[in-house]
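Take a look at the structure set out below.
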Amino acid sequence: MRHVVTRPDVPAPIGVPVPRRDGVAKVTGAAAFTVDLSVPGMAHAKILRSPYAHARIRRVDLDAARAHPGVIAVVSAAELDDVHLVYGHAVADHPLIAVDKVRFAGEPVVGVVAEDAVTAEEALRLIDIEWEPLPFVRDTAEALGDDAPVLHERPGEQRPHRGFEEDIRRTHANVCSSSRQAWGDIAAAFSDAHLVVEGEYHYPMCYAYAMEPYTALAQWSDDGLTVWTSGQHPYMVRDDLAHCFDLPLAKVRVVVPYVGGGYGSKSYTKIEPLTAALALRAGRPVRLALSVEEAILTTRGDAATVRLRTAFDREGHILGRHATIHLDTGAYAENSPLVGRKAANRLGGPYRILALDVTCDVVYTNTAPASSFRGFGAPQVTLAGESQLDEAAAKLGIDPLALRRRNVLDPGERPWPKARGIDADLAGDLALAAEELGWDAPLPPGRGRGICLSASDAGSEPITTAIVRVLADGSIVASCGSTEIGQGSSTVLAQIAAAEMGVELDRVHLIQSDTAAVSYDRSTGASRTTTLMGLAIQAAARDLREQLVEWATTALAPDGPAVEERRSGVQVGDTLHDWGEVVRAWFGGAAGEAVGRGYLRRSGATAEMPPFWEIGCVGVEVSVDEQTGRITIEKLVTVGDIGCAINPQTAEAQDVGAAMMGLGMATLEELVYEDGNLLNGNLFDYRVPRTTNLPELRTVLVERGDGVGVYGAKGGGEGALNPVAAAIANAVERAAGIRLREAPFTPERVWRAIQERDAGVAR
Amino acid sequence: MIPRFRLARPATLDEAFAAFEAANGDAAYVAGGTELLQVMKMGFAQFDTLVDLKGIPELHGIEGDGGGLRIGATTTHREIERSPAVADAFPALVGLVRSVANTRVRSTGTLGGNLAFAEPHSDPATLLLASDAVLELAGPAGRRETTVSEFVVGPLSTTREPDEVLVRVRIPAAKPGEGRAYAKLAFFERPAASVAVRVTVDGGVVRSATVAVGSLTEVPELVPDAAAALVGADAGDGALNEAIAGGIATLGSLDAVEDLNGSADYKRHLAGVLFASTARAAIAEAVGHD
Amino acid sequence: MTDVLQAPGLDRVAIELVVNGVPRRLVVEPRETLAEVLRDRLDLRGAKVSCDAQVCGACTVLVDALPVSGCTFLAVDADGRRVGTVEGLATDGELSPLQQAFIDQAAFQCGFCTPGMLMAATALLEEQPHPSRDDVVHGLEGNICRCTGYEPIIAAVLQAAGGDMPSSRREEVPAVTSAEAGGDPLDPGTEPVESQQ
Ligand SMILES: Cc1cc2nc3c(=O)[nH]c(=O)nc-3n(C[C@H](O)[C@H](O)[C@H](O)COP(=O)(O)OP(=O)(O)OC[C@H]3O[C@@H](n4cnc5c(N)ncnc54)[C@H](O)[C@@H]3O)c2cc1C
Ligand code: FES
Ligand code: FES
């Protein structure tokens, strides 16, 4: 790893690659994930799913299943008339179990609870349902047709957590939401253009494959509802549970143990309401552990069709961009309205664009629902945007890197009028990528290089709280609603608490993700945790220190010398007192503790939106096997522009993981539907990257202290994924003279493009 | 989840037949279970009884057979991969099993299970077809021998009676001047296309050839026209290129099946690419033995 | 024997395993996978089930030192054999060099693949104590990690190989005596029992 640091010095243990605090638990098998939990009296649930893409449920016969020995409860929507079945944080359109009809093959229709999972599965086979198949829509083009079958006869209610202010506009009965981003005189931009590049780009329907499939365990008691879940967002889940079961928020406890991968796919609510409903009817704690096949049918990423035109002047300056984006959200809105908003925002890229007009429609189809997925609209639109820069460069005879340099935003420059200025040195990042990739070095035939950029308005909303406490012995407990999903938050947030309180890291204990034990955080996603939760912990620590200085004045120096604040305590006269001593002195005994509060909202440093820009800067060198069409990524360069790496090891790890995931989506991954049925909804047929796909890696971490977060930090973890597909497409163009516009770039697609090239078909 | 079943663990073939019979036909043999248990998990098959063949000594092990090989049906991929006898007699088979699945499946999955399952993308079936392998079967009604082309009749479909057991595979010794090669292209777990070529070379000229393709057709198939294109070619010079080009042309008429790996066209094209490399490799090996 | 086999097959089977060096005797249903038995009966929850299709390797455990997919390998097929799981890698609370290398290299993020990855790597190093990078890449091809992008995992295995990896962590096989068993293992009517430790 190359490490470029120009930020001011930081206190220990910030910037230190301390070993991950979850390490021993994870290498000994002791780390408990939701799939590993059990509670006394627990029963097991299995779900009967729709075989049809779109069908009315005529009759449900559950008697035989109920009579099966070992079965505790068999539950369809009819058994849940006391539950608000429909939930959704952006658009409430998703019944926790099918009501009257199903909208995709795989939708839950009946839940069976039994003493053990095999018995529950046996009982599923005894359920008899009479279906009335309905015409269905396969893709967004079909969904937007004039006589297209309609998925949702009545639009779902709009809900406050859609993450943006505007009303959801529906321009067609199958449009779930529509977002627009526009500025400048777009007509003039195109009429003045020297060159217009135009094309349609497809980003595939992908599956995040978090290796732990969705799992939830629900338990009812007189105190309300407790749910243990593999979800990323305990508080969002809590809100939906409170709504479904008419409970005060205070009576819903959501606990998230270690999470076996998320990548956005475990954002928001999944199977928790269904599990809680089954537990309610069973009168027992219920565990619902999905298989990977079921997980694929629960949430996937939004496929995208992007029609883009970009206008350039003679020197390659971008004059304007006009785009329509169709995102395929499948049967339900989930978080796609927000993905659509972000896709519209992110299409322009980190460039100075005089005029822009982007419309993004989120479209319902009869397929598994799509929601957040690492990158969040950015990979989809970056493929289009960054491809066109190279297409233009080729036509204008300009080096693609030079073309980017010419257009890239300067630090502080605003991508659009009301946005926060760019908090990064993008030209500097490009130069680093070029250097590591060896941009100007000669290439053997059949090889090509590409370097691409992206910038995402990331961080979501600053609605975050944290509590930091000093115990009587001076050890520290920090508690926060951020989840450890593998990104290393349990290490990084503890580092921040230790640095802020001036104590050794091993004196800090961190409590995460139990809504009964910690305080509110909106979400663990949008690369926000280090930045926003870091700020909240810093604020809590500072609040705590302020109190402790005051306490020291009262208790240690009532009328004596002035109390001076030191890094790890206070100095009174010649004596240094650590925080524990201050606590004990103030309470006048051997016990007590002090509590600091950190609140973060849209004000002060986090008033402007987005809270920060997440930068993606990736370079690749590829080779193309012209015989088979197989692309090999020979070399991959990531530049992680993250302001301050609280922990350089975990920061670098995020970039490598993200880039490899991007490589998967660019070259291998795609969920394939045929006639409403998923053909490859399992890991045997859905291929994700393996060790053998790993290219030679060069990673760079750049710390310029230019982020809004603690010590100048800003988010990472998604950035390195976003430009990968575009970088590969551009490199392939230079290697083989073919332009790929449909990801994944499978061997056959590449081979066909080569055939077309050789046949001299005009491109 | 794997549905419930009963288990019989016979120690002899007769016990196996008896156990099968005791379940009134609602039974299946199982070896490594890597295919069978998977399809049962997915709800595609269910049996009252599984009859485990792994405890029957006769079905297991590898023996040299005068330059040929006798491989017991319950021999695992891993055992084949590490067998000195196989390395000696049939290096192409070692390379093949090394690329089957992953280390875990190779530790438990068996050659017999692979052949009996008749998955259209089977690696061994294609090479064994080109190698004139003989399959030995035993059932309550007696013993018989068959060939891969007679045995595999469709995707997941063979001429094996439900109560018949595949006992072993006999692979004939390479003739003087014979070379055998196998290659595949795989984008997912199983190959997209595979080709096996067997040739004999005498005096620098290809005298005989057998070509089999797999994974692109419903069952592994011999392609006599492609083989004929090689026969008579001079193993050493440009004539070989022409012969190979001729062979590739004959693959264009294969009845390829479109699947997630690609269209029929593309898979035929891949077969051509593989044919070129395997033909060269087989001829090179043959020349070495010439 | 033939008499027995003309009766229906067994729906309960008594098995004896030596798990991480400890003899265990229990009665299982034939359908139970090794992962189910380890996780649900023996409370060894390190091995994870993810793809449930023998593809991802999260469930990798060792049977007589060979890696198998715990998600599909039947517990009855481990009868009389040695089973190694991630819980057995550390000795007396001391991490194995491979485990330590995983921590040093941050060869995990979410950690869900880690137990399987560690067992696959253990098997690999057992056979090839000094693997090349290529050997590691190919040896671990059947183990998926969605978080790390593999680079740190490969580095960790190479680190462990370079260090003093114990030549063998194979346990001695203690005999299972009937004194340790709970109930008569050969009586198919016996309810599932676990041996007293
Ligand atoms: C993840 C994965 C990847 C794979 N990749 C490849 C690949 O790349 N190439 C390839 O060729 N294969 C591949 N396979 C298939 C693999 O080779 C087979 O699963 C394995 O060899 C089957 O052997 P088994 O003993 O486990 O069969 P089982 O599952 O035990 O049996 C399979 C079938 O054969 C029957 N059967 C088994 N043995 C006998 C016998 N002796 N007599 C009669 N009937 C019998 C059973 O009743 C059953 O119907 C893959 C499998 C998996 C799970
Ligand atoms: S869970 Fe067994 S291999 Fe994936
Ligand atoms: S660490 Fe998460 S899958 Fe490997």
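The values are calculated or read from the model by the stated rules, or taken from the named source; none is laboratory data. Predicted model only: the values in this text are computed from it and were never measured. Every residue, glycine as well, gets a Cβ built from its backbone with ideal geometry; the counts of neighbours run over all protein chains shown.
Condition check: without any contact (Cβ under 8 Å) to a residue 40 or more places away in the chain, in a helix (DSSP H, G or I) and buried (at least 18 other Cβ atoms within 10 Å of the Cβ). Does A:Ala552 satisfy that?
Spelling it out, A:Ala552 is indeed without any contact (Cβ under 8 Å) to a residue 40 or more places away in the chain, in a helix (DSSP H, G or I) and buried (at least 18 other Cβ atoms within 10 Å of the Cβ).
Output the number of residues of segment C:5-32 satisfying the condition of being at pLDDT below 95 and surrounded by 22 or more Cβ atoms within 10 Å (Cβ to Cβ).
2
Kindly provide the set of residues from segment C:62-82 that are within 30 Å of A:Tyr686 (Cβ to Cβ), more than 16 Å from ligand 3 (Cβ to nearest atom) and not in a helix (DSSP H, G or I), ordered by number.
C:Leu62, C:Val63, C:Leu66, C:Pro67, C:Val68, C:Ser69, C:Gly70, C:Thr72, C:Phe73, C:Leu74, listed by residue number.
Just give me the residues in segment A:584-615 being crowded, with 24+ Cβ neighbours inside 10 Å, farther than 26 Å from A:Pro379 by Cα and out of contact with any Pro (no Cβ under 8 Å at 6 or more places or on another chain), in sequence order.
A:Gly596, A:Gly598
Taking A:Asn680 and the conditions (1) buried (at least 24 other Cβ atoms within 10 Å of the Cβ); (2) more than 9 Å from chain C (Cβ to nearest Cβ), which numbered condition does it fall short on, given that it satisfies the others?
(1)
Scan segment A:59-96 residue by residue and report those that are on the phi > 0 side of the Ramachandran plot and modelled with pLDDT under 95.
A:Gly88
Can you tell me which residues in segment C:92-112 are at the interface with another protein chain (Cβ under 7 Å from one of its Cβ atoms) and hydrophobic (A, V, I, L, M, F, W, C)?
Selection gives C:Leu95, C:Phe102, C:Ile103, C:Ala106, C:Phe108, C:Cys110, C:Phe112.
Return the total of residues in segment A:23-52 being over 27 Å from the mean Cα position of the chain (by Cα) and more than 8 Å from chain C (Cβ to nearest Cβ).
Residues flagged as over 27 Å from the mean Cα position of the chain (by Cα) and more than 8 Å from chain C (Cβ to nearest Cβ) within segment A:23-52 amount to 13.
Taking segment B:82-103, which residues are closer than 29 Å to B:Pro162 by Cα and out of contact with any His (no Cβ under 6 Å at 6 or more places or on another chain)?
Listed by number, the residues that qualify are B:Leu93, B:Leu96, B:Ala101, B:Asn102.
If a residue has to be more than 22 Å from A:Gly657 (Cα to Cα), touching a residue at least 12 places away in the same chain (Cβ under 8 Å) and among the hydroxyl-bearing types (Ser, Thr, Tyr) to count, how many in segment C:109-166 make the cut?
So the answer is 1.
Out of all the residues in segment B:39-58, which are more than 6 Å from ligand 1 (Cβ to nearest atom) and under 21 Å from the mean Cα position of the chain (by Cα)?
B:Val39, B:Lys54, B:Glu58, listed by residue number.
C:Cys59 fails exactly one of the following numbered conditions: (1) under 15 Å from the mean Cα position of the chain (by Cα); (2) within 14 Å of chain A (Cβ to nearest Cβ); (3) away from ligand 3 (no atom under 16 Å from the Cβ). What is the number of that condition?
(3)
State whether the residues of segment A:82-98 include one that is aliphatic (A, V, I, L, M), free of Cβ contacts under 8 Å to residues at least 24 places away in the same chain and outside any loop (DSSP other than H, G, I, E, B).
Looking for residues that are aliphatic (A, V, I, L, M), free of Cβ contacts under 8 Å to residues at least 24 places away in the same chain and outside any loop (DSSP other than H, G, I, E, B), one finds none in segment A:82-98, hence no.
Got at least one residue in segment A:154-175 being assigned to a strand (DSSP E or B), modelled with pLDDT under 95 and among the polar types (S, T, N, Q)?
yes
Please list, ordered by residue number, the strands (runs of 3 or more DSSP E) wholly in segment B:77-158 having 2 or more residues that are of a type outside the set (S, T, N, Q), away from chain C (no Cβ under 14 Å) and within 11 Å of ligand 1 (Cβ to nearest atom).
B:134-139
Being modelled with pLDDT of 95 or more and in contact with a Leu (Cβ under 8 Å, 6 or more places away or on another chain) is true for just one of B:Ala45, B:Ala11, B:Ala87, B:Ala101. Which residue is that?
B:Ala45 is the lone residue from the list that is modelled with pLDDT of 95 or more and in contact with a Leu (Cβ under 8 Å, 6 or more places away or on another chain).
Among residues belonging to segment C:33-46 that are buried (at least 24 other Cβ atoms within 10 Å of the Cβ) and either within 16 Å of ligand 1 (Cβ to nearest atom) or assigned to a loop (DSSP other than H, G, I, E, B) (or both), point out the one that is nearest to the other protein chains (Cβ to nearest Cβ).
C:Gly46
Kindly check whether there is at least one residue in segment A:217-228 that is under 19 Å from the mean Cα position of the chain (by Cα), outside the structural domain of A:Ile353 (by TED's automatic domain parsing) and in a strand (DSSP E or B).
no
For C:Asp52, indicate whether it is out of contact with any strand residue (DSSP E or B) (no Cβ under 8 Å at 6 or more places or on another chain), facing another protein chain (nearest Cβ under 9 Å), among the acidic types (Asp, Glu) and not in a strand (DSSP E or B).
So C:Asp52 passes the test.
For segment A:616-634, name all the residues that are within 16 Å of A:Ala434 (Cα to Cα) and crowded, with 23+ Cβ neighbours inside 10 Å.
Those that are within 16 Å of A:Ala434 (Cα to Cα) and crowded, with 23+ Cβ neighbours inside 10 Å: A:Gly616, A:Cys617, A:Val618, A:Gly619, A:Val620, A:Glu621, A:Val622.
Any chance you could count how many residues in segment A:683-706 are in a loop (DSSP other than H, G, I, E, B), touching a residue at least 60 places away in the same chain (Cβ under 8 Å) and more than 21 Å from A:Thr382 (Cβ to Cβ)?
Number satisfying all stated conditions: 5.
Of all residues in segment A:598-646, count the ones that are closer than 20 Å to A:Thr530 by Cβ and touching a residue at least 24 places away in the same chain (Cβ under 8 Å).
26
Take the residues in segment C:71-91 that are among the β-branched types (Val, Ile, Thr) and more than 30 Å from B:Val51 (Cβ to Cβ); name whichever of them is farthest from the other protein chains (Cβ to nearest Cβ).
Looking at residues that are among the β-branched types (Val, Ile, Thr) and more than 30 Å from B:Val51 (Cβ to Cβ), I get C:Thr91.
Across segment A:245-281, what is the total count of residues that are out of contact with any Asp or Glu (no Cβ under 8 Å at 6 or more places or on another chain), more than 14 Å from chain C (Cβ to nearest Cβ) and buried (at least 24 other Cβ atoms within 10 Å of the Cβ)?
Qualifying residue count for the region: 10.
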